[in-house]
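Derivation of every value follows stated rules applied to the coordinates shown; laboratory data play no part. No experiment lies behind these values; they were computed from the predicted model shown. Here Cβ is always computed from backbone atoms with ideal geometry, including for glycine, and neighbour counts include all displayed protein chains.
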Amino acid sequence: MKNLFRAVCLTAFVCLSVSSMAQKVELKSGNVDVLSGQKTINVEYDYSSFGVGKFATEQEYLDKKAAEYNAKEAGKGDAWKKDWVADRKSSYEPKFEELLNKGLADKGIIVGRGKTDAKYTLIVRTTFVEPGFNVGVVRKNAAVDFVIDVVETSNKTGKVAEITMAKVPGGQFGGYDFDTGVRIAESYAKAGKSLAAFLDKKLK
């Protein structure tokens, strides 16, 4: 019993430590100075290729989880798969933009989807997702890897700059993030906040 208690405490400590770690925002190439003085910046999202947990592709993960849920209750897996995709538009992207805009407010920059008249676009590519888990006494934060390309809206084939963020943690304080989408959404929120802090230091 003591060993079980120690294991639970150790797991909780590790999860807390991971959640408190600040992920590094790196400028891999190019220069973000071109964004200085811009009033609006367009943003697009790319989910075309990323691994999930131990699965090499998102499709493998979706097929496995959906089959498991459907085996327990007919149609549950199909509904879960739809929610997995729907969370992007309803939760992940709004949270990313909310925190990004909040952090860039003093620069007078507004970032958002559909701003096709903006000179520059941020293409936010998700490259890896760790969904995490929460089963009450034991939990693990979500974590997401991002590559963000800065491109000209009129010519998206050439990169002006490339920014990376690895293992961006996601989880709610208090441990009530039992839903996978809630944990992942917090990773996107954290990514928006961290990117804003990075750009705030770089832009005049």
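Below is a table of values for the structure above.
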{"quantity": "Using θ = phi - 60° and Karplus 6.51 cos²θ - 1.76 cosθ + 1.60, couplings along region 122-132 (whole Hz; Gly, Pro as x)", "calculated": "9, 9, 8, 9, 7, 10, 6, 10, 9, x, x"}
{"quantity": "Computed FRET value (nearest 0.05) for Thr153 with Glu60, which takes r as the C-beta separation and R₀ as 35 Å", "calculated": "0.55"}
{"quantity": "Set Lys24/Lys95; Lys24/Lys82; Lys119/Lys159 screened for pairs whose C-alpha atoms are more than 22 Å apart", "calculated": "Lys24/Lys82"}
{"quantity": "Calculated from backbone phi, Karplus (6.51, -1.76, 1.60) coupling profile of region 64-76 in Hz, x at Gly/Pro", "calculated": "5, 5, 5, 5, 5, 5, 5, 5, 7, 8, 4, x, 5"}
{"quantity": "Extended-chain gain in nm, criterion 0.36 nm per residue less alpha-carbon gap, Glu73 and Ala105", "calculated": "6.9 nm"}
